[in-house]
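> Sharing a structure, written as C-alpha cells. Questions coming.
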Amino acid sequence: AFKRQQIMANSKSKTGKSTKYEIRQSRIFSESFKREKVEDILNKRISIIEFCKLWDVSSTSVYRWIYQYSPHYKKGTKMIVQQDSEEAKTQELLKKVAELERILGQKQMEIDYQSKLIEIASKELDIDLKKSFKPTL
C-alpha cells in the first residue's frame, strides 16, 4: 500500500472562484484489525456496506481481506445454491443409491454362499460341479 498525504490547497480558477483540493491520507490497517473485522462481517455483526461507510474503505479491499483471512471463503471457490425441491430430489436419489448398494451387497453374499456351497459339494462328492454343469439353452 502506498501512502498519500492530506493536502488542502486553495487556488483561484480562471473564473476567480476559489477551489479546494483534498487528497485523502492513506491508512494501513494491522492484520489483527483486519482479522477482527472479517470475523465481525462473517458473524453478521456488521454488513460490508456499513463497514465500508464507517471506515471509509472500498468494498474491494474488504473482499480481499475476507478472501485472505476467512477459512470459509477462498477466491475461486464456488457455492452451489439449489432450491428446496432440488435438495429433496437429491436426498431421494441418495436414499435410492443406498438401497441399491444394500441389495447389491446381499446378492453378492448369496453368490459367495452359492460358490462356497458348490466348492464344498464338489469336495464331498468328488466331482467338479463347476465344470460338469452345462446349462441347457
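Here, each number is a calculation from the coordinates, and none is a lab measurement. Predicted model only: the values in this text are computed from it and were never measured.
> So which aspartates and glutamates can Lys44 reach, going by Cα to Cα under 16 Å and dropping same-chain residues fewer than 8 places off?
Answer for Lys44, where 16 Å is the Cα cut-off: Glu36, listed by chain and number.
> On a straight-distance basis, which aspartates and glutamates could pair with Lys78 in a cross-link, Cα separation under 19 angstrom, same-chain partners fewer than 8 positions away excluded?
Answer for Lys78, where 19 Å is the Cα cut-off: Glu86, Glu87, listed by chain and number.
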